[in-house]
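Every number here is computed from the coordinates shown, using simple stated rules; none is lab data. Since we're looking at a predicted model, the values are computed, not measured. Don't worry about glycine lacking a Cβ; one is built from the backbone with ideal geometry, like all the others, and counts go over all protein chains shown.
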Amino acid sequence: MAEVHDYRNLNPTTAPLVRIDWEDICFSDNWNDDGDIQPLESSTTGYLIFENLTMVVVAGSYNWRDNTWATIHTIPKLPPTVVVIKEAIE
């Protein structure tokens, strides 16, 4: 079951403003022609509204009339898990 998070007690005056530096995936159809593939270095700035061992959640905007967050970004903290579906044939 997914965790439920209550952001109602946070607003831009009570949530810290943070910058999250992370690496995104990069697709390249012709990677043999372009050389090595490197992940894209990215940064996201926003209000920290949740963090645990596996993810960090930041919001980029806030609606004061409705007291709701918007422009939500969820960024994973754990590296990806590789699961072999079929072994290579040698």
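The table below gives the values:
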{"item": "For peptides 13-24, 42-53, 74-85, sequence by mean Cβ density within 10 Å, most packed first", "result": "42-53, 13-24, 74-85"}
{"item": "Chain lengthening between residue 26 and residue 14 when straightened (0.36 nm per residue, less Cα-Cα)", "result": "0.8 nm"}
{"item": "Cα→Cβ-extended label distance, 7 Å offset, between residue 75 and residue 45, nm", "result": "1.3"}
{"item": "Span per principal axis, largest first, for the Cα atoms of region 34-90 (Å)", "result": "63, 27, 17"}
